[in-house]
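> Sharing a structure, written as structure tokens. Questions coming.
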Amino acid sequence: MARELAMPKLSDSNEESVVLRWLKAEGEAFVRGEPLLEVETDKATVVYEAESDGVLESILVGEGGAAHPGEPIATLADGAAPAAAPAAQARAPRTTAPAATASTMDFRSAVREALDEALAADERVILFGEDVAVAGGVFAVTPGLYEKYGAERVFDTPISELALAGAAFGSAVNGLRPVIEIMFGDFLPLVMDSVVNQMSKYWFLTGGQVSVPVVIRSVVGAGGRFGAIHSQMPASWFMGVPGVKIVAPAFPADAKALLRAAIDDDNPVLFFEHKRLYGLEGEVNGAPARIGEAAIVREGRHVTLVSAMRGVHECLAAAERLAADGIDAEVVDLRTLRPLDGDTILASLEKTTRVVVVEEGPLTGGWGGEVLAVVAERGLGDVDDMWRITTPDTPVPYSPPLEDAHLPGADRIVAEVSRRLG
């Protein structure tokens, strides 16, 4: 059955958008969460993802054409979707809690559910940012929360990241527990003063009298054809800031559990959401998680692959391919970059004697270097080999083939591990 695809309303002020590029051709199938087209609004260029499986039947508004929100831009048909992602991508992380009320949901729904539960549980929790309320977020993560909790607790703000961060700091030290959204992690330099000089140090400066329970959610990562200034991985920018925690989940279950943990934490927390994970589905059982604990998501004997966010799925896909060649790889999902769980990494290294850190980010100054520093300082006697697989020290390319080559994917992991262990 054919159905219309309407131009989405991506912000409260969005009156017309331009189709920059269709990412699927007519007659091509897609799965839920897969990018369909690039749209330019009055504020940003965004990738619109499929809300369900189907086939792009016909394009009504071509590239360069404009449409108002709600106007049809294509027709979709129900049909057989392409083969699912490798089973390794859907592998659930190990947890210690029973899966009592498990359900399947995608990454963005898990984030939304965590926010919904936190807002319902504590009236001090507030959510604000650019287009998070009326529009439900540029990446459609927060729809319905404004209608459910009202404009006093879920609200949109002007386009000023510095004002956002200042308001979050001020409200936190006065008893609230704000969650703010910085639309793209690339914009986090605009909040540096508030985070580095205020939020992270206020508990220290007040002699432990006043905490700063702020969560800064931000969309990060490349692979979505967003270009150099909307595709960066900003984690390393904050690794050297005492007092700040950095959470980087790879699975829907951890997205929900760690966001709840971040909101409950009395310290400022940066919560990174990789844009290429929003459509990933997985089992969410409601089990709690602790910030600062990594997880072994695949057992192995010959080499340890350490990563976070999207990189975990590249490692899992590589591990399945390496297994066919007789190389048994263990995969460690860091889940939190600061504080770093060195104990889990070292326990795995003791078994495999080799460690590879896969980081989506530049080689120089990355968090991967910190992982290898922990290995060198605390586990050097167990090491037969250790190295990093990262992006080059260059900006992220916009060209699709160049961007794909830029990222540390499964192909490169397999090639490097096979060469080093061969």
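> Looking only at residues that are among the hydrophobic types (A, V, I, L, M, F, W, C) and within 19 Å of the chain's Cα centre (by Cα) in the stretch 398-422, which one is farthest from ARG276 (Cα to Cα)?
ALA410
> Sticking with this structure for a sec: Determine whether VAL191 is hydrophobic (A, V, I, L, M, F, W, C), touching a helix residue (DSSP H, G or I) at 6+ places or on another chain (Cβ under 6 Å) and within 15 Å of GLY166 (Cα to Cα).
Answer is yes for this residue.
> Something else now. Hey, could you check the stretch 263-309 for residues that are charged (D, E, K, R) and assigned to a strand (DSSP E or B) and say which is surrounded by the fewest Cβ atoms within 10 Å (Cβ to Cβ)?
Across the stretch 263-309, the extreme among qualifying residues is GLU283.
> Restricting attention to the stretch 9-62, which residues are under 16 Å from ALA135 (Cβ atoms) and either surrounded by 19 or more Cβ atoms within 10 Å (Cβ to Cβ) or at pLDDT 85 or above (or both)?
Once the filter is applied, which keeps residues that are under 16 Å from ALA135 (Cβ atoms) and either surrounded by 19 or more Cβ atoms within 10 Å (Cβ to Cβ) or at pLDDT 85 or above (or both), the stretch 9-62 yields LEU10, SER11, ASN14, GLU16, SER17, VAL39, THR41, VAL46, VAL47, TYR48, GLU49.
> Looking at SER194, SER218, which one is within 30 Å of ALA102 (Cβ to Cβ), in contact with a Gly (Cβ under 6 Å, 6 or more places away or on another chain) and either modelled with pLDDT of 95 or more or of a type in the set (D, E, K, R) (or both)?
Just one listed residue meets the conditions, SER218.
> Now for a separate question. Report, ordered by the first and then the second residue, all pairs with beta carbons closer than 7 Å, sequence separation of six or more or different chains, a first member in the stretch 107-119 that is assigned by TED's automatic domain parsing to the domain that holds GLY150 and within 16 Å of LEU280 (Cα to Cα), and a second member that is outside any helix (DSSP H, G or I) and of a type in the set (S, T, N, Q).
Here the result reads ARG112/THR142, each pair linking the stretch 107-119 to a residue that is outside any helix (DSSP H, G or I) and of a type in the set (S, T, N, Q).
> So, in the stretch 128-159, of the ones that are surrounded by 21 or more Cβ atoms within 10 Å (Cβ to Cβ) and of a type in the set (Val, Ile, Thr), which residue ends up nearest to ASP106 (Cα to Cα)?
Filtering first and then ranking leaves VAL141.
> While we're here: Of all residues in the stretch 153-199, how many are touching a strand residue (DSSP E or B) at 6+ places or on another chain (Cβ under 8 Å) and without any contact (Cβ under 8 Å) to a residue 24 or more places away in the chain?
Qualifying residue count for the region: 0.
> Select from the stretch 317-359 the residues that are part of a loop (DSSP other than H, G, I, E, B) and either among the charged types (D, E, K, R) or within 10 Å of THR304 (Cα to Cα) (or both) and list them in ascending order.
Correct list: ASP325, ASP328, ARG335, ASP341, THR353.
The values are calculated or read from the model by the stated rules, or taken from the named source; none is laboratory data. A quick note: this is a predicted structure, and the numbers were derived from the prediction, not measured. All Cβ positions, even for glycine, are placed from backbone atoms using ideal geometry, and neighbour counts span all protein chains on display.
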